[in-house]
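Please read the structure below before turning to the comments.
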Amino acid sequence: MIYLFLFIGTVVRLISLNQSLWLDEATTALVSRMPLGDIFTKFMPGDFHPPLYYLVMKAWVGVFGSSEISLRIPSVIFGVGVVYFVFMISKKLFDNRSALISALLASTSGLLIYYSQEARMYMLAALLVAALFYLFIEKKWVLFATVLALAGMTDYLALLVVPVFLIFSGKDFKKVVKSLIPLILIFILWSPVFAKQLSGGIGVEKSAWWGILGTLSWKNMALIPVKFVLGRISFDNRLLYGVVSIFSVLAYLYIILLRPVRVRTCRLLWGWLLLPILIAILISVKIPVLTYFRFIFCLPALYILIGKSLSMLNGKRFLIAFLLVFSLNIFSSFKYLSSSKFHRENWRDMAIVTGSETVVFPSNSQKEALTYYGKGDNIVYYKDFTGEETEIWLSRYVWDIFDSADMARIKVEGLGYNKVQEINLNGVEFWNYRKL
């Protein structure tokens, strides 16, 4: 059965895979084409992530190219790997029935499917963390130390699971501590770049960008359980979305607590699910990191816990509870996969719409997607724009963050341009201007 569920997980992750790249995915694509030395000297100091994922993608692109599908296939593989480790961990801790239920739920999870289709590092981090817990349970310390170092070089926040291992190590505490040595040595070598990244991140504190990084708020905290259960979908009617979200989260909580598993192994799973998020809440008092997708590596623990709780039910109680949870997965996954409304920013079609006309950007940090789609020569930073063209396009993509004073629009209109149309393609908003 596990091979069937892995097959199902693979198939659903391939549906709608050929979406347009959004801005951050385009960054992945462009970095993967850079010379290796430039990645470390020119790109990494200004980024907020470790280098491993980019190095993996550089090797991948060198062999398979950088089309949208090619860029996302590694994340598909990582996502299916997460399903496999969910099964293996649950089977090791509990039984085959629990493991199969957990694997089926992980294979159809709306949020896991979404990020298994994104050319970013989050699903690789989730895979490495899941592998860490399996190796921790199996007490394979050499492999554990190796994977821990790889996880730390994939996503900094993934390291928030380290306290979980220390707390629940018991007699193996010293072995866990020794397993940290490779990670510590690598971070000593990486510390000069990390210091520049941290300094650059803190440097945007007074800008509008700071507010979308995941500041400490009730909304950001509430979105974590909601998105874990419902994925990336939402409803235009906010009241309806709120009701469905509350019902879904409470349903998960009720099922887990209906037949609580009073065994020590569940403490490890609860630690995996909750402790990194609680630590991140404390970190976000000073540095904003509280965005739900950064904690996808905690989501497998939820499916293992609820899989065990469901396996303890029988008859109608099992059928009703299982169908409720499984239906939420199918609903959220189907709604995402079948509706372009929930797909990524559509820079590909915007590149077609703008054609050969000049595109004025309020910031040079927004141009990666159009550059990927072959429009790099059309892009002009607004301060360098002289107004010689008859028709232009002005990017309004998150302009309030990159250009809060709206200087790009003011300059364009000051040069005698008049707006003739507005186009918004899944969050990519451009205005068309012409001179009379």
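The values are calculated or read from the model by the stated rules, or taken from the named source; none is laboratory data. All figures in this text were calculated on a predicted structure; none of them were measured in a lab. Neighbour counts run over all protein chains shown; Cβ positions are idealised from the backbone, glycine included.
Reported count of residues in the stretch 271-311, each being surrounded by fewer than 16 Cβ atoms within 10 Å (Cβ to Cβ) and outside any helix (DSSP H, G or I), is 2. Here F48 passes the criteria (1) within 22 Å of A369 (Cα to Cα); (2) part of a helix (DSSP H, G or I); (3) out of contact with any Pro (no Cβ under 6 Å at 6 or more places or on another chain) except the one numbered (2). You will find that of S356, S327, S333, the residue that is within 22 Å of the chain's Cα centre (by Cα) and either in a helix (DSSP H, G or I) or in the same structural domain as L415 (by TED's automatic domain parsing) (or both) is S333 and no other.
Here are some residues: S75, S116, S169, S90. Which one is in contact with a Ser or Thr (Cβ under 9 Å, 6 or more places away or on another chain), more than 30 Å from L198 (Cα to Cα) and in the same structural domain as F7 (by TED's automatic domain parsing)? Going through S75, S116, S169, S90 in turn, just one is in contact with a Ser or Thr (Cβ under 9 Å, 6 or more places away or on another chain), more than 30 Å from L198 (Cα to Cα) and in the same structural domain as F7 (by TED's automatic domain parsing): S90.
Taking each residue of the stretch 78-102 that is under 19 Å from L150 (Cα atoms) and looking for partners that are basic (K, R) and assigned to a helix (DSSP H, G or I) with beta-carbon atoms closer than 8 Å, six or more apart or interchain, yields G79/R13; V80/R13. When F318 is tested against (1) modelled with pLDDT of 95 or more; (2) out of contact with any Phe, Trp or Tyr (no Cβ under 9 Å at 6 or more places or on another chain), just one condition goes unmet, and that condition is (1).
Quick check, is L148 over 29 Å from F326 (Cβ atoms) and either modelled with pLDDT of 95 or more or in the same structural domain as A301 (by TED's automatic domain parsing) (or both)? Break it down stepwise before answering.
On the way: over 29 Å from F326 (Cβ atoms): yes; either modelled with pLDDT of 95 or more or in the same structural domain as A301 (by TED's automatic domain parsing) (or both): yes.
Yes; evaluated as a whole, the condition is true for this residue.
As a summary of the residue check, F361 satisfies the conditions (1) outside the structural domain of S116 (by TED's automatic domain parsing); (2) under 30 Å from L160 (Cβ atoms); (3) surrounded by 15 or more Cβ atoms within 10 Å (Cβ to Cβ) except for the one numbered (2).
Is at least one residue of the stretch 30-42 of a type in the set (G, A, S) and surrounded by 15 or more Cβ atoms within 10 Å (Cβ to Cβ)? I'd like the intermediate steps shown before the answer.
At the first step, the residues of the stretch 30-42 found to be of a type in the set (G, A, S) are 32, 37.
Subset that is surrounded by 15 or more Cβ atoms within 10 Å (Cβ to Cβ): 32.
Yes: the stretch 30-42 contains one or more residues that are of a type in the set (G, A, S) and surrounded by 15 or more Cβ atoms within 10 Å (Cβ to Cβ).
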